[in-house]
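Comments concern the structure below.
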Amino acid sequence: MRLCSIASGSSGNCVYVGSDTTHLLMDVGISGKRTEAGLAELGLTMRDIDAVCITHEHADHISGLGVLARKYGVPIYATRGTVEAIRKTSSLGQIDESLFRVIVPDERCIIKDIAIYPVRTSHDAADPVAYRIDHDGRRIGLITDLGCYSDYTVECLRNLDLLYLEANHDVHMLQVGPYPYYLKQRILGERGHLSNESAGKLLSRLLHDNMQAIVLGHLSKENNLPELAYESVRVEVTMSDTDYNGNDFPLYVAKRDVVSEVIEVR
């Protein structure tokens, strides 16, 4: 199984996860043209994609969905609340109803030889989820857009081989930055986004000896820096009461506008 970030950040998110025979896109918050170009760098086309799995209906996660659905007829997996919200998003245009596959949080869904497990998240969307993706005894977790996490979150994401984790903002940069007060409060709230420090704390609870890699994603362009996210998370792990050091595991930061390196889970 492998993971590659095609685009990551507050301006658009799209992540590829696949096995040798099954190919998934997790969100398509960039244009259809950019999505196709990103897949081409992986030696794939949209005709190879078996499903698009949507986390929630905000524009930076679904903006390319209408075009790709009409052009390729790819199945769309999302919770009932998210499907309803997508239907009401006029900017997407008409999407064939038969393409929607309703998934239920905490219930396994099989797509060919991959199992996806939707995990509830705390975010200001209709019915948002993260995903755990299982194949051949390997587990990938993809969790972004959450203002806070709980023991439930940790339990759902135990024993991962690879974790793609939101590190959205540096709290100080956000507080002194140009965003209006209401937006700052939204991002900092329990249904907002995970800060670098919070990401490090969550990661500390998920680390185990066999974790192969961590990818930090969904960084804010205005309120974070890749180097700052990397260092803050690394330091948080080192300072935690676990036995692990921030340098014990490969830690990557997903690129905003270009395709990141492919990470293989073995």
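The values are calculated or read from the model by the stated rules, or taken from the named source; none is laboratory data. Worth saying up front: this structure is predicted, and the values here are computed from it rather than measured. For neighbour counting, all protein chains shown are included, and Cβ atoms are generated from backbone atoms with ideal geometry for every residue, glycine included. These area figures cover heavy atoms from the full protein model, side chains too; ligands, DNA and RNA do not enter into them. Shrake-Rupley method; radii C 1.70, N 1.55, O 1.52, S 1.80 Å.
Things worth noting here:
- Within region 6-27, restricting attention to residues that are among the β-branched types (Val, Ile, Thr) and over 19 Å from Leu194 (Cα atoms), the residue that is most open to solvent (accessible area, probe 1.4 Å) is Thr21.
- Per-region count, region 189-220, residues among the polar types (S, T, N, Q) and within 13 Å of the chain's Cα centre (by Cα): 0
- Residue list for region 50-73, filter: assigned to a loop (DSSP other than H, G, I, E, B) and under 16 Å from Ile30 (Cα atoms): Ile54, Thr55, His56, Glu57, His58, Ser63, Gly64
- Verdict on Val262 being touching a residue at least 40 places away in the same chain (Cβ under 8 Å) and either farther than 28 Å from Leu183 by Cβ or among the polar types (S, T, N, Q) (or both): yes
- Test: residue in region 89-107 that is among the acidic types (Asp, Glu), open to solvent by 70 Å² or more (accessible area, probe 1.4 Å), at positive phi and at pLDDT 95 or above: yes
- Residues of region 137-150 that are over 17 Å from His58 (Cβ atoms) and assigned to a strand (DSSP E or B): Arg138, Arg139, Ile140, Gly141.
- Every residue from region 232-248 that is surrounded by 18 or more Cβ atoms within 10 Å (Cβ to Cβ) and either farther than 23 Å from Glu261 by Cα or under 21 Å from the mean Cα position of the chain (by Cα) (or both): Ser232, Val233, Arg234, Glu236, Val237
- Here Arg34 passes the criteria (1) in a strand (DSSP E or B); (2) open to solvent by 10 Å² or more (accessible area, probe 1.4 Å) except the one numbered (1).
- If you go through region 208-231 and pick out every residue that is in a loop (DSSP other than H, G, I, E, B), open to solvent by 70 Å² or more (accessible area, probe 1.4 Å) and of a type outside the set (S, T, N, Q), you end up with 4.
- Residues that are open to solvent by less than 10 Å² (accessible area, probe 1.4 Å) and either β-branched (Val, Ile, Thr) or under 16 Å from Glu190 (Cβ atoms) (or both), drawn from region 126-152: Val129, Ala130, Ile133, Ile140, Ile143, Asp145, Leu146
- Unmet criterion (only one of (1) open to solvent by 10 Å² or more (accessible area, probe 1.4 Å); (2) in contact (Cβ under 8 Å) with a residue 60 or more places away in the chain) for Thr45: (2)
- Matching helices (runs of 4 or more DSSP H) fully within region 155-207 where at least 2 residues are open to solvent by less than 40 Å² (accessible area, probe 1.4 Å) and in contact with a Ser or Thr (Cβ under 8 Å, 6 or more places away or on another chain): 196-206
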